[in-house]
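Okay, structure first, notes after.
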Amino acid sequence: MTKRIAFLTALEGVEEVELTKPWQAAVDAGHTAELLSLDEGEVQLFQHLDKSSTQRVDRRVSDVAVADYDALVLPGGVANPDALRMDEEAVAFVRDFLDSGKPVAAICHAAWTLVEADRVRGKRVASWPSLQTDIRNGGGDWVDEEVVVDGNLITSRNPDDIPAFSRALLDALSSR
C-alpha cells in the first residue's frame, strides 16, 4: 500500500544525501514523497558546506496538516534544522506529527528541531555528536548508534547511517 511521506526542510542548508537517499528509498518502495518547506520555490542542497543541486518545494508547511501524511522525514545539514527550529509553524508541525504516533525520522543535525519541539524528553536519540548536550538538556538520552527506534521516533547520526535509517523508515511504514 502506497504511503505519503513528507520531507520537511528549510530553503537552504540541507545536506543533499540526507534528503535524496531516503527520498529515493521511499520512492523505490512504491511510496509518494513530497518536499515541504517554509516557503515556495526551491531548496538549496549542500554537500557538506558546498552548494550542490536544488529541489522544487511541493508545498509550504503552513499549508498542510499531519493528517495529509503517513510519515515525516527531517533531513539534516547544519543550517537547515537551525532555520526550521526558528519557525513556529514548522516546529508545531513536527510536534504534532510526533504526537500523532506516525513515524518521524530525523538524521544528523535534524534532532535540533525535535529538541525545539520539546519531544526528545525520555527518548533515546542518535544525532551528530555536537548535538548531544542539546538533546540531554532537552531531557533525551543521546546515543552513538547507527539507527535508534524509540516508539515512532527514528534517528541516526550522519550520512554513513542512511542505509539503516532508510530501512528503519520503510519498516515503520510497512507496520502501519
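The values are calculated or read from the model by the stated rules, or taken from the named source; none is laboratory data. Here the structure is a predicted model, which means the values were calculated and not measured. Neighbour counts run over all protein chains shown; Cβ positions are idealised from the backbone, glycine included. With ligands, DNA and RNA removed, areas are computed over all heavy atoms of the protein, side chains included. Shrake-Rupley method; radii C 1.70, N 1.55, O 1.52, S 1.80 Å.
Structural remarks
- Residue in region 158-175 that is modelled with pLDDT of 95 or more, surrounded by 22 or more Cβ atoms within 10 Å (Cβ to Cβ) and not in a helix (DSSP H, G or I) present: no
- Yes/no for VAL147 being open to solvent by 10 Å² or more (accessible area, probe 1.4 Å) and within 14 Å of PRO22 (Cα to Cα): yes
- Restricting region 12-31 to residues that are open to solvent by 60 Å² or more (accessible area, probe 1.4 Å) and touching a residue at least 40 places away in the same chain (Cβ under 8 Å), the residue that is nearest to the chain's Cα centre (by Cα): LYS21
- Sole residue being under 26 Å from ASP39 (Cα atoms), surrounded by 16 or more Cβ atoms within 10 Å (Cβ to Cβ) and in contact with a Pro (Cβ under 6 Å, 6 or more places away or on another chain), chosen from ALA110, ALA90: ALA110
- Scan of region 1-35 for residues that are of a type in the set (Val, Ile, Thr) and either in contact with an Asp or Glu (Cβ under 9 Å, 6 or more places away or on another chain) or over 18 Å from SER62 (Cβ atoms) (or both), ordered by number: THR2, ILE5, VAL14, VAL17, THR20, VAL27, THR32
- Taking region 32-68 as the range and being among the acidic types (Asp, Glu), over 13 Å from ALA90 (Cβ atoms) and open to solvent by 70 Å² or more (accessible area, probe 1.4 Å) as the test, the residues that pass are GLU40, GLU42, ASP50.
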